[in-house]
Every structure is written in C-alpha cells, then in structure tokens.
Amino acid sequence: MDINELFNAKPAEKTIDPSKPGQRILSLVSFLNAKPLVYGLEKRIVQHDFILQKDVPSVCAQRLKEGEVDLGIIPSIEYAQSKGSWKIIPDLCISSKGAVKSVNLFFKKDLQDLNVIALDTSSRTSVALLKIILKEKFQIEPEYMFMAPDLNEMFKKADAALIIGDRALHYQAENPSHLDLGEEWYDLTGLPFVFALWAGHELSINKDDLEIVRQSYQAGKENLEEIAREFASVHPLAWDAYYDYLCKNVVYTFGEDEKEGLMEFYRYAFYFGLIKHIPELLFYERPS
C-alpha cells in the first residue's frame, strides 16, 4: 500500500447526544504521539461524558479558538495567540529532549542551497521552529510555501519539505537526508521543545475533568506496548519501532525544563516576528 493511502481516513464525526445538554467537546490530535495522552479516554478505561473529536493539531487549535470545543491538544505556538483567554493543563504535554523523530525537514540538496521549502499544513509550531532554526543556526532564509504533507509532491515544487507526525516517521526509511527539528533545537538551546499541550477555556473544565485527563494519560503510560502494537497493525513499521518512539523520543511530562524550553521558544518566535507577544503560562489549578 502506498504511504499516502494510510493517512487519508477522515476524522471521526462528533456526535452530540440531545439528551445531554452542555456536553463538553475535546479535540484530540490524531497522531501516534498523542495516543498515550488520550488512551484512557478513547478506551473508556476512565469514565467520562466528553465528546471526543480527532483532528490534526492546527485544526484542534482553530476549533478551540472558534469556541467549537472546550479543550484541545494544540500546537504550542497557538497558545501565544490566545491573549490569556486559555489555560493549560499542568504536568502534561507532548515534547522531546533531543531527537523527536516525527518533526523533520527532508531535503534533496545542501542546506545552504535551499531556495524553496514546502511546509506541512498540520502544525504551525513546527513551521515556526523550522524558521527559527534555519535563521539562528544556519543563517538562511528561503522562500516558503504550504502544501499537503506528501513528500513526493512537495519535492516537485520545493528543494526541501517539512513534514510532521506519523508521515515523518514513515518517510525516514527511504529519505535519510533530513534534519530532526527536536534534535536541532536541543543542540541550539540545551532545552526540551514542547510541541503541543492541553489548553482550554477557563470555565469549561473543572478539577474533576483535569483528574480524568490525568488518569487517561496514566492508562496510556501503562499500555505503551498495546498502543504500539495496535498502531502497527494498520501502519508500515514493526510495532517495536513505534514503541521505541513513544518510550525514547516523546516526553509527556511538563516539568520546569519543559516550561523553560517553551518560554525560550516564545522568546525566539517574538524576536523573529512570528508572534506578537510573549505569553505568560497560565495553568488550571491542579486537582487536590
């Protein structure tokens, strides 16, 4: 099966039960790296009455911004656009401390010779991170164009292509010429990089809801092998490749180092004109 056929499934439609007015909607990222966070929710290991809706990261953020959902896993740069109207779930994120494997710049000529780069439309955070790394570390400013994340098609129109998520994992085997942006960020700053976080509207989520989200991740953490095996059943790599990725490359704890890495990203993004201000990190109050 062609790699592109594996990713053309439409996200599940949301279904609202009219007998339950006021149901909250959670927008979940459809990538493998988010599955440990939402495992308990999806498998109903944790009891909840949320409506679950899957999207790519950029759509999660847009739906949260438009008030269509109450809580979502959003690209970290989108939080800087919220103007203080959103809060972050403490302790949980999607980050890396070094190579992340699933956020890559694939290229077909030397970096210094890149003129045009095609950008995956799925996440604005990775786009901002790429621009920062190329400017700050490699002193290059190529032209950019947004395209659907199909490496072959992107290479027809550009010298390099930014691809994120599951596709990035799968393209690596046949495309060894690539930069891992998590690794490049760590080399530049010595800090973790936070790619995505849980954020929502302040009054739509309470302490009980936060505990449900925390328990969902705990269930996922305890079932990483099951997650990897289930994912491998419909994707091209062996299950242990996905398991290693979840265990060794993706970090889910949102600790002090991750906070500092996120703030450093915001400082760079502001300096290069990618965001209008450096936001304060506002968190929901932890469950007691």
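What follows is calculated from the coordinates using simple rules that are stated; it is not laboratory data. Note that the structure is predicted; figures quoted are calculated from it, not measured. So basically every Cβ, Gly included, is an ideal-geometry build from the backbone, and we count neighbours across all protein chains shown.
With a threshold of 31 Å on the Cα-Cα distance, the over-threshold entries among 135/207; 35/65; 35/207; 101/207; 97/135; 109/221 are 135/207; 101/207; 109/221. Along the axis of the charge dipole computed for the chain (Cβ charges of +1 for Lys and Arg, -1 for Asp and Glu, origin at the Cα centre), the listed residues 41, 190, 25 are led at the positive end by 25.
Run down the aspartates and glutamates and flag those whose C-alpha is under 15 Å from the C-alpha of residue 83, throwing out any fewer than 8 positions away in its chain. Straight-distance partners of residue 83: 66, 202, 280. DSSP assigns beta bridges within the stretch 103-189; of those with both partners inside it, close to 50 percent run antiparallel.
Legend: calculated FRET efficiency, residue 113 to residue 278, from the Cβ-Cβ distance at R0 = 41 Å, rounded to 0.05, equals 0.75. For the stretch 164-200, backbone nitrogen atoms closer than 11 Å to the point 7 Å from residue 260 Cα along Cα-to-C-beta are found at 190-192.
Ranked for footprinting exposure by Cβ neighbours inside 10 Å, fewest first, 113, 180 give 113, 180. Taking a ≥ b ≥ c as the square roots of the eigenvalues of the Cα gyration tensor, the stretch 103-189 is classed as rounded, since a/c falls below 1.5.
Each of 265, 155 was scored by other Cβ atoms within 10 Å of its Cβ. Listed from fewest to most, they are 155, 265. Taking the fewest neighbouring Cβ atoms within 10 Å as the starting point, the ordered list for 283, 50 is 283, 50.
Relative to the current alpha-carbon distance between residue 152 and residue 240, full extension at 0.36 nm per residue lengthens the span by 29.0 nm. Shape class of the stretch 244-288 from the Cα gyration tensor (axes a ≥ b ≥ c, square roots of the eigenvalues): oblate, since a/c reaches 1.5 or more and a/b does not exceed b/c.
Rounded to the nearest 500, the 222 nm mean residue ellipticity of the chain from helices alone is -10000 deg cm²/dmol, with -39,500 (n - 2.57) taken per DSSP H run of at least 4 residues.
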